[in-house]
1. Looking only at region 190-239, how many residues end up being of a type in the set (Gly, Ala, Ser), part of a helix (DSSP H, G or I) and buried (at least 23 other Cβ atoms within 10 Å of the Cβ)?
2. Hey, among the residues in region 50-68 that are of a type in the set (A, V, I, L, M, F, W, C) and touching a Phe, Trp or Tyr at 6+ places or on another chain (Cβ under 9 Å), which one's nearest to residue 31 (Cα to Cα)?
3. Can you tell me how many residues in region 15-58 are at pLDDT 95 or above and basic (Lys, Arg)?
4. Residues to consider are 75, 110; find the one that is surrounded by fewer than 17 Cβ atoms within 10 Å (Cβ to Cβ) and either among the small types (Gly, Ala, Ser) or out of contact with any strand residue (DSSP E or B) (no Cβ under 7 Å at 6 or more places or on another chain) (or both).
5. For residue 146, only one of the following conditions fails: (1) crowded, with 16+ Cβ neighbours inside 10 Å; (2) modelled with pLDDT under 90; (3) touching a strand residue (DSSP E or B) at 6+ places or on another chain (Cβ under 8 Å); (4) more than 17 Å from residue 50 (Cβ to Cβ). What is its number?
6. Quick one: in region 71-97, of everything that is out of contact with any Pro (no Cβ under 8 Å at 6 or more places or on another chain) and among the small types (Gly, Ala, Ser), which residue is farthest from residue 113 (Cα to Cα)?
7. Which condition number does residue 100 fail, the rest of (1) touching a helix residue (DSSP H, G or I) at 6+ places or on another chain (Cβ under 9 Å); (2) over 19 Å from residue 52 (Cβ atoms); (3) modelled with pLDDT of 95 or more being met?
8. Take the residues in region 25-51 that are assigned to a strand (DSSP E or B) and either over 19 Å from the mean Cα position of the chain (by Cα) or in contact (Cβ under 8 Å) with a residue 60 or more places away in the chain (or both); name whichever of them is surrounded by the fewest Cβ atoms within 10 Å (Cβ to Cβ).
Amino acid sequence: MKIIPAVDIIGGKTVRLEQGKYDRKLTYEVTPLEAARQWESKGAELIHVVDLDGAREGRPVNLDKAVEIAQSVNIPVELGGGFRKEIDVKNALNRGIWRVVIGSKALEDIDFARDCIQDFKNRVIISLDARDYKPLRYGWKETVDVDMFYILEKFASFGAKEIIFTDIARDGMLSGPNIEGLKEILEKVNVKIISAGGVKTTEHIKELKKIEPLGLSGVIIGRALYDGTIDLKEAINAG
């Protein structure tokens, strides 16, 4: 089970949002590049970068920052936020981003999701963000009237092997992961899941580890690392 540290960016700065709300922003003194280097030094094998400006504006905004990170660490960097055109996906991959995360556009345009999965293979990953099993898009501002399990099955049918699932109600809240919700997804959909949202302690990692056999392939950790409630090395060892 991969333990994946997150670096969220607004205005070039390292931040975390509570439940995805831009008016509930926590800003950290460490720069995105410093954070990525720190997580690499502690054993991270992948850095998850989120361009929150891009997610809100619908286009990559902090791509240069992400590329700087990718060029400065010796581990892969994935980037999400604002990728709604194939040309933008291709540009990011050509500039050194290992994998592009596609979110809102995949919900809006199922053909776009299919084409990206088939054209870029494992160089793209779909991210599904939901609150109470209702998918959200556009920086978590708009609820999508579609069954979450149906859309997950569609992504899997296009060839997606792994999907990032964020429980928005728990994201940035340090309230613990939604174990039962993850179990339900893994039991219903034939796709591996990277979980995001809620992790605060190493005990939470141990709880998630128990459902790894169902197909939980990774865990993204954000605020807990920056607030110091979890140690990355310990989390990796527990995973």
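1. First pass over region 190-239, keeping only residues of a type in the set (Gly, Ala, Ser): 195-198, 215, 217-218, 222, 224, 228, 235, 238-239.
Still in the running and part of a helix (DSSP H, G or I): 224, 235, 238.
Filter once more, so that each one left must be buried (at least 23 other Cβ atoms within 10 Å of the Cβ): 224, 235.
Here the count works out to 2.
2. Let us first name the residues in region 50-68 that are of a type in the set (A, V, I, L, M, F, W, C), namely 50, 52, 55, 61, 63, 66-67.
Going one step further and asking which of them are touching a Phe, Trp or Tyr at 6+ places or on another chain (Cβ under 9 Å), we end up with 52, 55.
Numbers: 52: 15, 55: 20 Å.
By that ranking, first place goes to 52.
3. Going through region 15-58 one residue at a time, the tally reaches 2.
4. Working: 75 fails: either among the small types (Gly, Ala, Ser) or out of contact with any strand residue (DSSP E or B) (no Cβ under 7 Å at 6 or more places or on another chain) (or both).
110 is the lone residue from the list that is surrounded by fewer than 17 Cβ atoms within 10 Å (Cβ to Cβ) and either among the small types (Gly, Ala, Ser) or out of contact with any strand residue (DSSP E or B) (no Cβ under 7 Å at 6 or more places or on another chain) (or both).
5. Among (1) crowded, with 16+ Cβ neighbours inside 10 Å; (2) modelled with pLDDT under 90; (3) touching a strand residue (DSSP E or B) at 6+ places or on another chain (Cβ under 8 Å); (4) more than 17 Å from residue 50 (Cβ to Cβ), the lone unmet condition for residue 146 is (1).
6. Restricting to residues being out of contact with any Pro (no Cβ under 8 Å at 6 or more places or on another chain) and among the small types (Gly, Ala, Ser), the top hit is 72.
7. Only one criterion in (1) touching a helix residue (DSSP H, G or I) at 6+ places or on another chain (Cβ under 9 Å); (2) over 19 Å from residue 52 (Cβ atoms); (3) modelled with pLDDT of 95 or more is unmet by residue 100, namely (2).
8. Looking only at region 25-51, we keep the residues that are assigned to a strand (DSSP E or B), and these are 25-27, 47-51.
Adding the requirement that they be either over 19 Å from the mean Cα position of the chain (by Cα) or in contact (Cβ under 8 Å) with a residue 60 or more places away in the chain (or both) leaves 26, 48.
Details: 26: 15, 48: 29.
Only one residue fits best here, namely 26.
The values are calculated or read from the model by the stated rules, or taken from the named source; none is laboratory data. Since this is a predicted model, take the numbers as computed values, not measurements. Methodologically, a virtual Cβ is constructed for each residue, glycine included, from the backbone with ideal geometry; neighbour enumeration extends over all protein chains shown.
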